[in-house]
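The values are calculated or read from the model by the stated rules, or taken from the named source; none is laboratory data. Nothing here was measured: the structure is a model prediction, and the numbers come from that model. Neighbour counts run over all protein chains shown; Cβ positions are idealised from the backbone, glycine included.
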Amino acid sequence: MPVWYRSAVTATDEWAAAVRALVNTGRKPLAASLGLALPQTLAAERAMWTMVSRLSRIPYHERAAALDPYRAEPTTADPA
């Protein structure tokens, strides 16, 4: 039994690393599609993604204004 458990943990670790790499490569395109700009620091980016994930789980709330500092500047191609 310990051998099988160790094998399962090893396989899961490799899968987790692959998923983490996919998420990390998609951060910038996802932020751009949401109209957000990635902050300069990792701590600020982590705070931004925490707020974004909370918005997807709860109804719209005034706390959504907390994302304003992360909003990207509109470009001339933007219709709004």
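State whether the residues of the stretch 37-50 include one that is aromatic (Phe, Trp, Tyr), in a helix (DSSP H, G or I) and under 13 Å from residue 70 (Cα atoms).
Yes, the conditions are met somewhere in the stretch 37-50.
Please go through the stretch 56-73 and give me each residue that is at pLDDT below 80 and under 21 Å from residue 29 (Cβ atoms), ordered by number.
Within the stretch 56-73, just 56 meets the criteria.
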